[in-house]
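Have a look at the structure below before the remarks.
Here, each number is a calculation from the coordinates, and none is a lab measurement. What you are looking at is a predicted structure, and each value in this text was computed from that prediction instead of being measured. Ideal geometry is used to build each Cβ from the backbone, glycine not excepted, and the neighbour counts take in all protein chains shown.
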Amino acid sequence: MKFSDIIGHDELKRRLALQIDSGRVSHAQLFVGSAGYGTLPLALAYVQYLFCEHRAGGEACGVCPSCKQVEALAHPDLHFVFPVNKRDKKSGEVVTSDMFIDKWRDIWQKRGGIFSAEEWYDSLDLGKTMKGLITAKESEEIIRKLSFKSYSSEYKVMIIWMAEAMNQEAANKILKILEEPWDKTLFILITEHPELLLQTITSRTQEVSVGRIDNASLEAYAIREGRSGDEARNIARLAGGSILELRELLRGESDEARAQYFELFCRLMRLSYNDRHLELFEWADDMTTLTREGQRQFFLHAVRLLRESYMLHAGLGSISYLWGEEREFCTKFAPFIGNQNIEILIAEIETAMAQISQNGSPRIVFTHFALFVSKQINRLKR
């Protein structure tokens, strides 16, 4: 994948290419950003430019053997680690990324390198409760692979996707090699939640912040998918800088998961407004039926809808990114989201997301969260 294949991020692509051209390649880099912003493809484009035998003008050639191998995710000096697991894992069985590399290549090809953790776990058939992990055994494999000489390129590269899935033992095992790597060894850690990484990991890496994709680039994408100018413009605004969100919108508002998250949000807010505590317990039980990634996605949708409601409350509806049922509900709900509670609610969502990511009990997390929301919503009823 070349830089020119990456949607948006023009200035960041220029800076990454200049870093390589000037020989200032930091040995450990932390790419931080939502999967929908194209963080993983951007990291791959960076590696392809690094490996390319005929790079020029900030772009890889795309035709040399190294470029072809990187594009196929099959370069001998490029290694991948990502969270994995098995539903039928036997006692004591060791599960590593190498066992699932074919699935990894398959989802990369099908999704153009942009996919969520939920999509990845679905491809592994992990069910509703299991999630992937990066274990200590995986860290041992990282050290073993990087101890060999490079095959054909100057550098050896290790990409760790969803680095926040490393358990503490796994993270501790790679600390020394992160701090004192072998010559011409490059680590690229990719994360949506750097706050979940050990500080000893983040302190040894150079952060590359991958922000939202600009609306103009998303609009152009929507037009290529057959949408007209005005419709493409609206969809691009609603996508919030995310290709994943844009794809959902292009599939239509009837997208099942999006509709489910919206229904759960509406129920929570109505029950909170009416102080229906017993029914809030039932709502929390319903939330436990979602996968861990589904629970996280609900929180992300809730943050978006709360922020949009606050904008409506503040009289900024003209720049709202809502339409249809979402806009209708949030317009009615907006009087109860104001300066007194918006920051508190967002902070509580971030806390609950962290607890879910750290394997907290969903029933306890969502029961506490629902009661907390009810208290905050009722602050503006008085």
Legend entry - Contour minus Cα-Cα distance for E179 and H277 (0.36 nm per residue): 30.2 nm
Inset, instruction - Report the full-extension gain for the segment T129 to D5: residue separation times 0.36 nm, less the Cα-Cα distance, to one decimal in nm. - result: 41.1 nm
Inset, instruction - About the Cα centre of region 307-375, how large is the charge dipole given +1 on each Lys and Arg Cβ and -1 on each Asp and Glu Cβ? Please answer in debye to the nearest 20. - result: 160 debye
Inset, instruction - Give me the aspartates and glutamates in straight-line cross-link reach of K2: C-alpha distance below 16 Å, same-chain residues under 8 apart excluded. - result: D10, E11, D21, E53, E59, E71
Inset, instruction - Take the Cβ-Cβ distance between A72 and D21 as r, set R0 to 22 Å, and report the resulting FRET efficiency rounded to the nearest 0.05. - result: 0.30
Legend entry - Derived scalar couplings ³J(HN,Hα) [region 232-241; Karplus, 6.51 cos²θ - 1.76 cosθ + 1.60; whole Hz; x for Gly, Pro]: 4, 5, 5, 5, 4, 5, 5, 5, x, x
Inset, instruction - With +1 on each Lys and Arg Cβ and -1 on each Asp and Glu Cβ, and nothing else charged, work out how big the dipole of region 243-382 is about its Cα centre, in Debye to the nearest 20. - result: 420 debye
Legend entry - Placed amide H near M166: partners under 5 Å, 5+ positions off or other chain: I134
Inset, instruction - Would you list which aspartates and glutamates come within 12 Å of K110, measuring only between C-alpha atoms, while excluding same-chain residues fewer than 8 positions from it? - result: E119
Inset, instruction - Under a 10 Å cutoff between Cα atoms, tell me which one of S22, S150, S91 has the largest fluctuation in the Gaussian network model of the chain. - result: S91
Inset, instruction - Among (1) 25.0; (2) 19.9; (3) 20.9, find the value of mean projected area of the Cα convex hull in nm² that was calculated from the structure presented, and write down its label. - result: (2)
Inset, instruction - Name the residue, out of T185, T351, T205, whose mean-square fluctuation peaks in a Gaussian network model built on the chain with Cα pairs under 10 Å. - result: T351
Inset, instruction - Report the FRET efficiency, 1/(1 + (r/R0)^6), for W323 and T96, where r is their Cβ-Cβ distance and R0 is 56 Å, rounded to 0.05. - result: 0.80
Legend entry - Förster radius 35 Å - calculated FRET efficiency between A354 and K375, Cβ distance, rounded to 0.05: 0.95
Legend entry - Derived scalar couplings ³J(HN,Hα) [region 80-94; Karplus, 6.51 cos²θ - 1.76 cosθ + 1.60; whole Hz; x for Gly, Pro]: 10, 10, 8, x, 9, 5, 9, 5, 9, 5, 7, 4, x, 6, 9
Legend entry - Inter-label distance for T288 and L196, nm, one decimal - labels placed 7 Å from Cα along Cα-to-Cβ: 2.1 nm
Inset, instruction - Using every pair of alpha-carbon atoms in region 3-209, split the distances into 10 Å bins beginning at 0 and state the percent of pairs per bin, rounded to integers. - result: 8, 36, 39, 15, 2, 0
Legend entry - Hz values of 3J(HN,Hα) by residue in region 329-339 - Karplus curve (6.51, -1.76, 1.60), Gly and Pro given as x: 5, 5, 5, 6, 7, 3, x, 9, 10, x, 4
Legend entry - In degrees, nearest ten, helix 342-357 long axis to first principal axis of the chain (Cα): 50 degrees
Legend entry - Fewest-first sequence of H277, H193 by Cβ atoms within 10 Å of each Cβ: H277, H193
Legend entry - Test item: Cα-centred dipole of the chain, Lys/Arg +1 and Asp/Glu -1 on Cβ, debye: 320 debye
Inset, instruction - Relative to the longest principal axis of the C-alpha atoms of the chain, give the angle of the C-alpha long axis of helix 277-287, reported between 0 and 90° and rounded to the nearest 10°. - result: 30 degrees
Legend entry - Point-to-point label distance, R270-F148, nm (Cα→Cβ direction, 7 Å offset): 5.9 nm
Inset, instruction - Could you state the angle between the C-alpha long axis of helix 256-273 and the longest principal axis of the C-alpha atoms of the chain, as a value from 0 to 90 degrees rounded to the nearest 10? - result: 40 degrees
Inset, instruction - Pull up the cross-link candidates among the lysines for K375, meaning alpha carbon to alpha carbon under 28 Å and not fewer than 8 places away within one chain. - result: K332
Legend entry - Entries in K145/K173; K68/K137; K145/K184; K103/K184; K103/K131; K86/K128 that, when Cα-Cα distance is taken, lie over 20 Å: K68/K137; K103/K184
Inset, instruction - Would you mind pulling out the separation of the Cα centroids of region 144-165 and region 231-278, in Å? - result: 39 Å
Inset, instruction - Just the number, please: percent antiparallel of the DSSP beta bridges in region 3-209, rounded to the nearest 5. - result: 10 percent
